Amino acid sequence: MRCVVVCLVRTGVVLRAMRSRMAAPVLAVFAFGSEGSFRIDSIRAVSGASLPAASHLQVHHGTHALPAGWSGVQADYVLRGSTGHLRYVTDAEKQTLAKAPPVLGRPEATRASLIPIRKSDAWWELAQDERRAIFEERSRHIAIGLEYVPAISRRLYQARELGEPFDFLTWFEYAPSDASRFAALLQALRATEEWRYVEREVQLDLTRVSR
């Protein structure tokens, strides 16, 4: 496939309004092409349309704005996201999550998955408290995830505010020996009421080929 240079000038625009006392968000650019530190083993549409084929994925990180020298990323196509404040989380849950932060880049965690998700208009039309009730009180999204820590590390990136085709990009890392546990985590989440509002979901399974 012929690569194109994708301009990423807009990446930091939405983040300028964030208060200085908040932790600096982590920007991520997921670049799909013929080269990268992760080999793409499979791209599977769980709901809705899939993504174009590619053999490798490179993940670029920055804070507030693109690192110096980034005028673009060589790729067939990219997805972008940013970390931000936790949504639908109580103070007690926030404290619990702080005690179990994701440990990414572990040497043994050579397997990874990127799962972009877009929820339906019906989800976004719900009031915040209604979404919270579905998210945790009834679906136990946070509680389910904590059951698999630290074997399965994950980081959530917000993409909706960046004008991306997905609302969220979730990144997972785990050791090959924990592949069955990762599958169980996904099965548990997809069986919840929350997932009735997912209209597009793609699962990319990856293997680290270099550090």
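The values are calculated or read from the model by the stated rules, or taken from the named source; none is laboratory data. Remember, it's a predicted structure, so these values are computed and weren't measured experimentally. When we count neighbours, we look across all protein chains shown, and the Cβ atoms used for this are built from the backbone with ideal geometry, even at glycine.
Observations on the model:
- In segment 104-132, residue farthest from ALA188 (Cα to Cα) [restricted to those that are surrounded by fewer than 18 Cβ atoms within 10 Å (Cβ to Cβ) and among the aliphatic types (A, V, I, L, M)]: ALA127
- Long-range neighbours under 8 Å by Cβ, at least six apart or interchain, first residue farther than 21 Å from ARG154 by Cα within segment 109-138, second of a type in the set (Lys, Arg) and not in a strand (DSSP E or B): TRP123/ARG131
- Taken over segment 77-132, the criterion of being assigned to a loop (DSSP other than H, G, I, E, B), under 24 Å from THR192 (Cα atoms), out of contact with any Phe, Trp or Tyr (no Cβ under 7 Å at 6 or more places or on another chain) and modelled with pLDDT of 95 or more is satisfied by LEU126, ALA127.
- Neighbours by Cβ (under 7 Å, 6+ apart or cross-chain): first from segment 182-211, in contact (Cβ under 8 Å) with a residue 40 or more places away in the chain; second aliphatic (A, V, I, L, M) and part of a loop (DSSP other than H, G, I, E, B): PHE182/ILE152; LEU185/ILE152; ARG200/ALA49; VAL202/LEU51
Let's see how each residue does on (1) assigned to a helix (DSSP H, G or I); (2) on the phi > 0 side of the Ramachandran plot; (3) crowded, with 18+ Cβ neighbours inside 10 Å; (4) out of contact with any Leu (no Cβ under 7 Å at 6 or more places or on another chain):
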| residue | (1), (2), (3), (4) |
| --- | --- |
| ILE134 | yes, no, yes, yes |
| GLU137 | yes, no, no, yes |
| ALA143 | yes, no, no, yes |
| ALA151 | no, no, no, yes |
| GLU173 | no, no, yes, no |
| ARG196 | yes, no, no, yes |
| GLU199 | no, no, no, yes |
| LEU204 | no, no, yes, no |
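- Count of segment 148-191 residues which are out of contact with any Gly (no Cβ under 9 Å at 6 or more places or on another chain), more than 20 Å from GLY105 (Cα to Cα) and modelled with pLDDT under 95: 2
- For segment 153-166, residues that are buried (at least 20 other Cβ atoms within 10 Å of the Cβ) and in a loop (DSSP other than H, G, I, E, B) total 2.
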